[in-house]
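Everything on this sheet refers to the single structure shown next.
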Amino acid sequence: MIARRVVVLAVVALLAAGALAQKKGTDGFHRLSPAAFAAMQDIRPQNISTQDRFLSSDLLEGRGTGQRGGDVAAEYIATQFALYGLKPAGDNGTYMQKVPLVGVTPAPDTTFALVPDKGAPMELKALDEYVAYDETQQPESNIDAPIVYVGYGIEAPEYNWDDYKGVDVKGKVLLMLVNQPTDDPKLFHGKALTYYGRWTYKYEEAARKGAAGAILIHQTDMASYGWDVVRNSNSGEHSFLKADGAPQLKAASWISRDVAKKLAAASGKNLDKMMAEARSRDFHPVALPVRLKAHMVSKVRPFTSQNVVAMLPGSDARLKNEAVIYTAHYDHFGIRPDMKGDNIFNGAMDNGTGCSILLELARVYSETKQHPRRSILFASVTGEEQGLLGSQYLGEHPPIPAGRISLDLNFDNVLPLGSPEEVQVSGAERTNFFPALLETAKEFRFSIRPDPRPEAGYYYRSDHFSLARVGVPGFSVNQGIKFKGHDATWGLAQEDEYRDKHYHQPSDEWHPGLDWTSDASIARFGFALGWEAANQSAEVQWKKGDEFEKARLDSESR
Ligand SMILES: [Zn+2]
C-alpha cells in the first residue's frame, strides 16, 4: 500500500513538473497500459502553447465563422491531422465536414405589434421592447395570429409535467416564461436548470408543435441575465443551421417585462398572477384576447463553414465500429471592421486553448504503439459562438452513428494558470462513467469542483451538449480554482479577471508569461479518461431517469 502511494506521488510529481520521463512504470496509473501511459506522458505544455500562439495570432483574424481566418484555421487543423497520419472522417474522404449556415439580420422595416380585441394596438420598439428573429430564413414573413399563454412551455414526460395538455397550438403565437418551475425540489432538478428551462428549448418545442411564433417574457432573476444581454445578443446578424424542412418559427422573440405587464393588462389579467399559475402541474394553456401582428423583414445570407474531423481506428475488430470523441471549437468572433483600435478577436483562451489541447491529444494518440479498442474521433467544430451550430450539425450528422459513440470529452477555455489541483467535469456525475472518472482523478490527485452555479445552466452552453442531445454522454473537462502554490481565492481572482477584462474581447491574446502546465495536465487527464472509455467493455450510458436517457435509447435502436 505504502509503496504504491510513493509511486503515485512520484508520478504526480513528474506530471506536475511537466516531465517526460516514462521510466516510473504504470503502477501509479494502473488503469492505463504501458503504451498508453507513455503516450500520455508525452503531452507537452510547450506544444500546446505553440499551437495556441499560431491559432490566436493576428494573421488568423480571430477565426470568425464563415470568414477567411476561420477557414484558414480549419485548413491548418486538417493539415495537422494529416501530418499525424489520422484518417479523414469528414465529407467524401476529407477532413472537412461542410456545415451549411444562414445569417439572418432583422431589417429596420420589420413591424411587431400586439393587437388586443378591444383597445389600441401596441406597436413595439425593436431592441428596447422586443427582439425577434425569423427562423424560417425567409426575407419576408407575415404573422397575424392569436396569442396563447403556455406557462413555462414545457412538455417533460419524465418529470410528469405538461404545460400544453394536448391543446393544439398550430399556427398560434405562444407566450412563455423562461426557466422552469422550482418551487418543489423534487420537480425537475430543484434549482439546477435542466434543458427544459433554457430559452432554446422553448423555441424548439414551439416549432415542433407548429406554432407561428414564440414570445419569451424576460425577467432578470429567471434568465440570470439582464435585458441588455438579451438585447446585445439579439441585435445584428444571427447565424442558424440552414433550414432542413423541419417546422420553424416566423418569430422567435423576447419581450421586456414591462411589455409583458401591458400585454397581461390588455388581456384583463395580472402578470404576477399568470406567472404564479404556471408553477402548478395543473396549469392549462390560456388563449389571450390579443393577436400578434408582425411583418418580419430580414437580410438573409447563406454561407458555409466546416467542422474538421479525423479518426484513429480502434484495435478491436468489433469495438472499432464504436468511438470516443474529443471535441473543441475553433471558431471565435473574427474581426469587427467598425471597431476602433484592436478589432481582432484572437480568442487565445476561447478557444485556442481547447483546440491546442485537441491537437496535442491527436498527436500523442497517433503515436501510441497500440491503439485503444474503440476508435477515437477528433472534432474541431465551428460556429460555437453563434450558438453551438457546428457541434449541432456534427451531432445530427456524426461520422459514426450517435448510438455507437460512447463518450464525448470537450475542451473549452482552459486558462494557462499553472498546476491544477482540482478539475471541473459538470455533467459527468449524470453518467455511469463517473466512478471510473473519480478513480482516475484520484490517480492525478485532482479533487472535483462541483458546478458553482447549477441554476445558470452552463452545461447547456458548450459543445458537449450538442452531442448529449443526440444521446451521447458528454461533458467538458476543465480545471477548477485550486492551483499548486495558491489558495482558491487566487484561482477565483484569475477567473474573474479573465471574465471581466478579456472574455469575448480583442484582448484575449497569447503572451509569453502564461503557464501551460494547466493545459497539459487537463489534456493528460482527458487522455486517461478517453483511453479508459475507449477500452472498457461497455459503452458509457446516462444514469437512469436522466433527461438524455431517452435520446440515447432512441439512438441505439437505430
Ligand atoms: Zn466564447
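Using the Cβ-Cβ distance between Ala82 and Lys118 with R0 = 51 Å, the FRET efficiency computed as 1/(1 + (r/R0)^6) comes to roughly 0.15.
Please list Glu509, Glu384, Glu367 from largest to smallest accessible area, probe radius 1.4 Å, with all protein chains kept in place.
Values: Glu509 70, Glu384 20, Glu367 100 Å².
Result of the area sort, largest leading: Glu367, Glu509, Glu384.
Pair-distance distribution P(r) for the stretch 120-218, from all Cα-Cα distances in 10 Å bins starting at 0: 14, 45, 29, 11, 1 percent. Pairs of Cα atoms nearer than 8 Å and 6+ residues apart set the relative contact order; for the chain it is 21 percent.
So how do Arg63, Arg68, Arg499, Arg453 rank on accessible area, 1.4 Å probe, biggest first, that is with the largest at the start?
Values: Arg63 0, Arg68 155, Arg499 125, Arg453 95 Å².
These residues rank, largest area first, as Arg68, Arg499, Arg453, Arg63.
Note on Lys125 and His511: the extension gain reaches 134.6 nm, defined as 0.36 nm multiplied by sequence separation minus the Cα-Cα distance. Only bridges with both residues in the chain count here: give the DSSP antiparallel percent, nearest 5. Of all bridge pairs located within the chain, approximately 60 percent are antiparallel.
Taking only protein heavy atoms into account and a 1.4 Å probe, give the accessible area per residue of the chain in Å².
Numbers: 23040 Å² over 558 residues.
Result: 41 Å² of accessible area for each residue.
Remark: C-alpha extents of the stretch 274-429 on the principal axes read 70, 52, 39 Å, sorted largest to smallest.
Compared with the alpha-carbon gap, the fully stretched path from Ser557 to Ser233 is longer by 112.8 nm at 0.36 nm per residue. Considering only alpha-carbon pairs that sit under 8 angstrom and 6 or more positions apart, the relative contact order computed for the stretch 311-432 is 40 percent.
Taking 13 Å as the cut-off, the amide N atoms of the stretch 507-543 that come nearer than this to a point 7 Å along the Cα-to-beta-carbon line of Ser57 belong to 510. Ligands, DNA and RNA left out, the 1.4 Å accessible surface of the chain is 53% carbon and sulfur atoms. Only helices enter the 222 nm calculation for the chain: every DSSP H run of n ≥ 4 contributes -39,500 (n - 2.57), and dividing by all residues gives -8500 deg cm²/dmol, rounded to 500.
Measuring with a 1.4 angstrom probe and ignoring ligands and nucleic acids, Phe465 comes out at about 10 Å² accessible. Assuming charge only on the beta carbon of Lys and Arg (+1) and of Asp and Glu (-1), the dipole of the chain about its Cα centre is about 1020 debye to the nearest 20.
Max-minus-min Cα coordinates of the chain on each principal axis give 83, 50, 48 Å, with the largest extent listed first. Rounded to the nearest whole Hz, the Karplus-based 3J(HN,Hα) values (6.51 cos²θ - 1.76 cosθ + 1.60, θ = phi - 60°) of the stretch 419-435 follow the sequence 9, x, 10, 8, 10, 10, 9, 3, x, 4, 5, 8, 10, 7, 7, 4, x, with x at glycine and proline.
The heavy atoms of Asp554 offer some 60 square angstrom of accessible surface to a 1.4 angstrom probe.
The values are calculated or read from the model by the stated rules, or taken from the named source; none is laboratory data. All of these numbers come straight from a predicted model, not from anything done at the bench. Cβ: placed from backbone, ideal geometry, glycine included. Neighbour counts: every protein chain shown. These accessible areas exclude ligands, DNA and RNA; they are computed on the full protein's heavy atoms, side chains included. Shrake-Rupley method; radii C 1.70, N 1.55, O 1.52, S 1.80 Å.
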